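Only one structure is covered here, and it is reproduced in the block below.
The values are calculated or read from the model by the stated rules, or taken from the named source; none is laboratory data. Given the structure is predicted, the values throughout are model-derived calculations rather than measurements. Neighbour counts run over all protein chains shown; Cβ positions are idealised from the backbone, glycine included.
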Amino acid sequence: MANTGGKTNLLVEKGEKIGLGVGAVFGVLLLAFGLMAAVDRQQDPKAFSEALDQKAKTLSNKMGGGPDQIDSIPRNLQVNAAQANLPLEPDKRPYFDPTPLPDQRRLTPVILAVTEGQADIAVVKILASDIELTKDAEGNVTRIKVGAVTAKGENKP
């Protein structure tokens, strides 16, 4: 039988109880701090409400009075900063990288129009097929020929 005792397996064997103990101690500390804060108030609520009412009255009197005097603009701010006309192109360097980013979207394939076609249904077992393209002088496909190789049957030589 394997040895399960020792210091290396302490958290494996007793980890749940240790975690619950640490959580309980933390909860009791929070409860104690809450009770201390509720019992030991350093501020009188009545005095606090009276000070708040006084501040509200002061602000309402200030808002109800006449308009406040706005300070004049200092002399050094009244002087124009630039006397000469500014150039239209102050810098010849580009403000952004002119290299175009590659397009991440899928490109739609080119679909050519059908000029002529014929579809026939043949129910046969096809073992192999041979596709032959006929092209003109410009390289355009003018004719597609599909040949099928089938197995020998009773009525085939």
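The table below lists the values:
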quantity	calculated
Any pair with Cβ under 7 angstrom, 6 or more apart, that starts in the range 106-129 at a residue that is farther than 16 Å from ASN140 by Cα and ends at one that is hydrophobic (A, V, I, L, M, F, W, C) and modelled with pLDDT under 80	LYS125/ALA151; ILE126/ALA148; LEU127/VAL149; LEU127/ALA151; ALA128/VAL149; SER129/ALA148
Enumeration of residues in the range 8-65 that are touching a helix residue (DSSP H, G or I) at 6+ places or on another chain (Cβ under 8 Å) and not in a helix (DSSP H, G or I)	none
